[in-house]
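In what follows, a structure is listed as structure tokens, so that the remarks can point back to it.
The values are calculated or read from the model by the stated rules, or taken from the named source; none is laboratory data. What you see is a predicted model, and the numbers here were worked out from it, not measured in a lab. A quick note on method: Cβ atoms are made from the backbone with ideal geometry, for glycine too, and the neighbour counts reach across all protein chains shown. Areas reflect the complete protein model, heavy atoms only, side chains present, ligands, DNA and RNA absent. Shrake-Rupley method; radii C 1.70, N 1.55, O 1.52, S 1.80 Å.
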Amino acid sequence: MPLDPVTDPFRQALAAALPPAALRAFEARYREEPRGRFAARDALLVAPGSTEEVATVIRHCRAAGVGVVPYGGGTGLVGGQILSDGPAPVVLSLERMTAIREVLPGENVLVAEAGAILQSVQEAAASVDRLFPLSLASEGSARIGGLLATNAGGVNTLRFGNARALVLGLEAVLPDGTIWHGLTRLRKNNMGYDLRDLLIGAEGTLGVITAASLRLYPRPVSETAAFLAVPDPAAALELLNLAEARLGAAVTAFELIHRQGFDFLAETMPEVRLPFDEIPEWSVLIDLGAPAGMDLDTALEGFVEAGSTAGLIRDGLLAQSEQQRHAFWTVRETIPEANRRIGSISSHDISVPLGAIPEFIARGGRDLAKIGDFRINCFGHVGDGNLHYNVFPQAGKTRADHEADRPRIKQAVHDLAHALGGSVSAEHGVGRLKVDDLEKYGDPAKLAAMRAIKAALDPAGIMNPGAVLRAGA
């Protein structure tokens, strides 16, 4: 059904039901998203301070037929936090709900509110000698609620899984304004349908996550990393298999990086020290963490020696200190910022089966060469098949020069990923950017089930309208 805009009577009713601190100015930062593809229309910003206040907001919106756009840290890359058309909505920010409610190191559990910054959760875990392993470049500003709503991945997915695997229970407000008290700390709970997994990855279209019980892990006693030059992506995959065979669960991350990423860093951020004097065409960054009893440095040296003997490693740098390990990761984590400064024509978050990675990279370059002359920066979490495949103009040109090419580039990349059994949304979600892609590449039976679930839980269509599923579809 059609939604109604925020009106003055609605504002007044909501103001009467909430404390003054919950109503805030709709500042410029709520209008923008990192890639500049979407700009939000005017909205009423509400920042509840409790789950009960979130429920109050949702009940008022449901009664008035006003759309609700949940807002976390604003770091999403597919427009899920931005409504650029339609009736003026309520933007519901979780920024005031930042409490770490409970830390239970004996159970390896931490309970955090949805507005908690990821870095704060990591630090709270570290304060009791535990690890919360979700890690990504935006961890200083991304909030737990948004990360769970998009089922975020990050660099440690290879060892610990996506965000979904790190959640034991949720508290959430459903589209009718009722509160689901699901903050269980149980590892096993087969009491019917799993609403936890339904809400994780739903991008706020089925309710608002307000808190989560998160899984912690023992902190590694020793950690190290290595930057290794490899002949090609196929060799990187063989090296990954060798690493897992020799090092097992000590392998926490395995990143593939093309030289274009290093070139962009040198061009835009010369203060970042690159790991190699002579930049290789392809390299991998491997990160290791081990419990007591494992001589990690010796194990890493043995692995590198075996990889070199097998012809899988051409050059390598082993971290000699935690400072150097951190420097290695600084290189990896600043590549996205270098990309932003160059300005991509089209950026893609895709995944393919591990064995298809070399074919995807080879065929992708050939397919794009038929469209135009581009620079391709391919990097990402090769250990779980997730590549960030970004297409840039040649030096001296800008993405504006190729705006007409963008649809063809996107289609070529997504068609290839789909043809190889992959996904066109690996870890960033669907948002509003990829609604058409979901309809084009999604399984019809799954899409029908998704629409049925949406209609059952949110018949008024107020929750994040137009995200994931087309509004009214």
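To the nearest 20 Debye, how big is the dipole of the chain about its Cα centre, given +1 on the beta carbon of each Lys and Arg and -1 on that of each Asp and Glu? Mind showing how you got there, number by number?
Working: 45 positive and 56 negative charges, 250 e Å.
So the dipole magnitude of the chain works out to roughly 1200 debye.
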Calculate log10 I(q)/I(0) of the range 324-473 for q = 0.08, 0.15, 0.21 Å⁻¹, where I(q) comes from the Debye formula with a single equal point scatterer on each Cα and nothing for solvent.
-0.28, -0.87, -1.30
From the residues Pro133, Ala63, Met97, which one has its Cα farthest along the dipole of the range 1-136 in the positive direction, the dipole being from +1 and -1 charges on Cβ of Lys/Arg and Asp/Glu about the Cα centre?
Ala63
Any residue on another chain or 5+ positions along whose placed amide H is under 5 Å from the amide H of His388 is listed here as Phe379, Gly380, His381
Estimated [θ] at 222 nm from DSSP helical runs (n ≥ 4, -39500 (n - 2.57)) normalised by residues in the chain, nearest 500:
-10000 deg cm²/dmol
Dipole in debye (nearest 20) - the range 319-465, about Cα centre, beta carbon charges: Lys, Arg +1; Asp, Glu -1
240 debye
Considering amide H positions built from the backbone, and no H for Pro or chain starts, which residues 5 or more places from Gly182, or on another chain, come under 5 Å of its amide H?
Leu170, Glu171, Ala172
Relative to the longest principal axis of the chain, what angle (0 to 90°, nearest 10) does the C-alpha long axis of helix 406-419 take?
70 degrees
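Against the 2.2 N^0.38 Å scaling, with N counting residues, where does the chain land? I'd like the Cα-based Rg ratio to two decimal places.
Numbers: Rg = 22.8 Å, N = 473, 2.2 N^0.38 = 22.8 Å.
The reported ratio for this selection is 1.00.
Sort the range 151-213 into rounded, prolate or oblate with this rule: let a ≥ b ≥ c be the square roots of the eigenvalues of the Cα gyration tensor; rounded if a/c is under 1.5, and if a/c is not under 1.5, prolate when a/b is larger than b/c, oblate otherwise. List each step's numbers first, then the result.
Details: a/c = 2.26, a/b = 1.41, b/c = 1.60.
Oblate, because a/c is 1.5 or more while a/b does not exceed b/c.
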Give a residue-ordered list of calculated ³J(HN,Hα) values for the range 92-106 (Karplus: 6.51 cos²θ - 1.76 cosθ + 1.60, θ = phi - 60°; whole Hz; x for Gly, Pro).
9, 8, 9, 5, 8, 9, 10, 5, 8, 6, 7, 10, 10, x, x
Lysine pair count for the chain [Cα-Cα under 20 Å; pairs on different chains or 8 or more apart]:
9
Got a sec to turn the phi values of the range 59-67 into Karplus ³J(HN,Hα) couplings, 6.51 cos²θ - 1.76 cosθ + 1.60 with θ = phi - 60°, whole Hz, x for Gly and Pro?
4, 5, 5, 4, 5, 8, x, 9, x
Work out the P(r) tail for the range 132-177: percent of alpha carbon pairs separated by more than 15 Å, whole number.
44 percent
Over the range 372-456, with a single point scatterer placed on each C-alpha, what log10 of the ratio I(q)/I(0) does the Debye formula yield at q = 0.18 1/Å?
-0.92
If you fit an axis through the alpha-carbon atoms of helix 296-309 and take the longest principal axis of the Cα set of the chain, what angle between them do you get, 0 to 90°, nearest 10?
60 degrees
Ratio of the range 260-310's C-alpha Rg to 2.2 N^0.38 Å, to two decimals?
1.54
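Loop sites only, by DSSP: take the GluC sites (Glu not before Pro) in the chain that have at most 15 other C-beta atoms within 10 Å and name the longest stretch containing none of them. Numbers along the way, then the final one.
Details: sites that count: Glu27, Glu107, Glu271, Glu278, Glu281.
In the chain, the maximal stretch lacking such sites is 282-473.
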For the range 15-150, what are the per-bin percents of Cα-Cα distances with bins 10 Å wide, up to the bin holding the maximum?
12, 39, 32, 15, 3
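Please work out the Kirkwood hydrodynamic radius for the range 132-237, using every pair of different C-alpha atoms, and report it in angstroms with one decimal place.
Values: mean 1/r = 0.0638 Å⁻¹.
With all distinct Cα pairs of the range 132-237 included, I get 15.7 Å.
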Can you work out D for the range 331-388 in µm² s⁻¹ from Stokes-Einstein, where Rh is the Kirkwood radius over C-alpha pairs, the temperature is 4 °C and the viscosity is 1.567 mPa s?
104 µm²/s
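Taking all protein chains in place and a 1.4 Å probe, what share, in percent, of the accessible surface of the range 227-278 do carbon and sulfur account for?
Details: 920 of 2140 Å².
Looking at the range 227-278 in its full context, I get 43 percent from C and S.
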